[in-house]
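Below: the structure, in structure tokens.
Quick note: the coordinates plus some simple rules give every number you see, no bench work behind them. Since this is a predicted model, take the numbers as computed values, not measurements. We place every Cβ from the backbone using ideal geometry, glycine too, and count neighbours over all the protein chains shown.
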Amino acid sequence: MDRILQEFNKLMENPIKGIEINLGQDMLHWNGLLIGPPETPFEGGNFRFDIIFPSNFPVSPPEFFFRTRIYHPNVNSEGKVCSEILSVAWRPGISMRAVLCAICHLLAEPCPEQGYVNDACNTMRANVSAYEREAKRYTADFAK
């Protein structure tokens, strides 16, 4: 719990532009708001999210869930984000700042090779312009 509180306090002292973090039900559950990065299909969208920490954090990584619907190859239908930093690349020394910055980067640079097999992933592989149009539509419909 000390590490989680440390991470939270660091983010409060030096926030990441476009991201708001709040404590949720308890210290193991954060929630927040991510503003879609500029020059992406998510630009200007308001994306609510939850971060769930396992009881053995930082040995195991947290889980990141978008609560706002989003059309993205690295986000499944439940909103769970698939990212190397939250799985195979996880190391106990990785900060929550690094995790949040990686999520923002993933919005700007989707990685369908590491994504879920979903409609967004298939569309992006077949036609990037069609993927971007649909991601913009989702942003307009669900994240405004």
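May I ask you to sort 83, 95, 77 by Cβ crowding, counting other Cβ atoms within 10 Å and putting the fewest first? The partial results should precede the final answer.
Working: 83 22, 95 14, 77 9.
Listed from fewest to most nearby Cβ atoms, that is 77, 95, 83.
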* To do: Please compute the net charge surrounding residue 107, taking Lys and Arg as +1 and Asp and Glu as -1 over other residues with Cβ under 13 Å from its Cβ.
  => -3
* To do: Can you tell me the dipole magnitude for the chain around its Cα centre, using point charges on the Cβ only (Lys, Arg +1; Asp, Glu -1), in Debye to the nearest 20?
  => 120 debye
* Asked: Which of 124, 12 comes first, and how do the rest follow, when ranked by fewest Cβ neighbours within 10 Å?
  -> 12, 124
* Structure fact -> All alpha-carbon distances of the chain, grouped into 10 Å bins from 0, give the whole-percent distribution 12, 44, 33, 11, 1
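For the stretch 88-144, count the residues as N, evaluate 2.2 N^0.38 Å, and divide the Cα radius of gyration by that value, please.
The value comes to 1.34.
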* **Rg and Dmax [Cα atoms of the stretch 30-70; Å; Rg one decimal, Dmax integer]** => 12.6, 37
* Work out the FRET efficiency for residue 130 and residue 94 from their Cβ-Cβ distance, taking R0 = 35 Å, and round it to the nearest 0.05. => 0.55
